[in-house]
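Here the structure comes first, spelled out in structure tokens, and everything after it is commentary.
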Amino acid sequence: MAEKDQIDINQYLTFKLDGEVFGLAIGKVREVLDFTSVTRVPQTPAYMRGVINLRGSVVPVIDLHQKFGLAQTEKTVNTCIIIVEIALDGETTILGALADSVQEVLDIEPEQIEPAPKIGTKLKTEFIQGMGKHSEGFIILLDIDKVFSSDELSLVQSAEPQAETVS
């Protein structure tokens, strides 16, 4: 394989939410943790499950099920927290995203990625980077920087100092 071809391959961490397979660019993923206890923070949106202590840092945990309008994530033996970096106004914010299970890291070449579907004007799909073709199905590739609006992220960031006082 030529060096140029290797540069064009994109790696994605795939995970499941409610039976569907999603993917995140591997460059946005810091690590994957087993589900642990989450400290609830008062007066935060329902999709913000709370915060965890990650090596001394307070990290907000977001329930992607609820963010996407599904029922709350149920804790199972496979439930995990994907620690991601989100860019907001030139700053990096660290978040935990709850997933039903992590699958694998896949190489998906740019020619295997279709644009996000356009489904009218009421449904927001700007957070979908594209639809990756794999085997017989599709992987919904998320642009994690666009899943949350800047208003939502500022809510999450403002919850971080409060959470330190909650035990």
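The values are calculated or read from the model by the stated rules, or taken from the named source; none is laboratory data. Note that the structure is predicted; figures quoted are calculated from it, not measured. Reconstructed Cβ throughout: ideal geometry from the backbone, glycine too, with neighbour counts over all protein chains shown.
Of all residues in the range 131-148, those that are in a helix (DSSP H, G or I) and touching a helix residue (DSSP H, G or I) at 6+ places or on another chain (Cβ under 9 Å) total 3. Report yes if Asp151 is assigned to a helix (DSSP H, G or I) and at pLDDT 75 or above, otherwise no. So Asp151 does not fit the description; no.
Taken together, Gly27, Gly69, Gly90, Gly23 contain a single residue that is surrounded by 14 or more Cβ atoms within 10 Å (Cβ to Cβ), among the small types (Gly, Ala, Ser) and closer than 18 Å to Ile144 by Cα, which is Gly23. Residues in the range 7-16: is at least one more than 12 Å from the chain's Cα centre (by Cα) and either free of Cβ contacts under 8 Å to residues at least 24 places away in the same chain or on the phi > 0 side of the Ramachandran plot (or both)? Yes. Scan the range 108-120 and give yes if some residue there is more than 19 Å from the chain's Cα centre (by Cα) and modelled with pLDDT under 60, otherwise no. Yes, there is a match, as at least one residue in the range 108-120 is more than 19 Å from the chain's Cα centre (by Cα) and modelled with pLDDT under 60. Condition check: under 16 Å from Phe15 (Cβ atoms) and in contact with a Ser or Thr (Cβ under 7 Å, 6 or more places away or on another chain). Does His134 satisfy that? Answer is no for this residue. Assess whether Thr44 counts as being out of contact with any strand residue (DSSP E or B) (no Cβ under 6 Å at 6 or more places or on another chain), at pLDDT below 90, crowded, with 18+ Cβ neighbours inside 10 Å and assigned to a loop (DSSP other than H, G, I, E, B). Yes.
Listed conditions (1) surrounded by 10 or more Cβ atoms within 10 Å (Cβ to Cβ); (2) more than 23 Å from Gly132 (Cβ to Cβ) are all met by Ile83, apart from (2). Taking the range 52-129 and the strands (runs of 3 or more DSSP E) fully enclosed by it, the elements with 2 or more residues that are without any contact (Cβ under 8 Å) to a residue 40 or more places away in the chain are at 57-63, 91-99. Look at Ala99 and say whether it is within 17 Å of the chain's Cα centre (by Cα) and loosely packed, with under 15 Cβ neighbours inside 10 Å. Taking the combined requirement at face value, the residue does not satisfy it.
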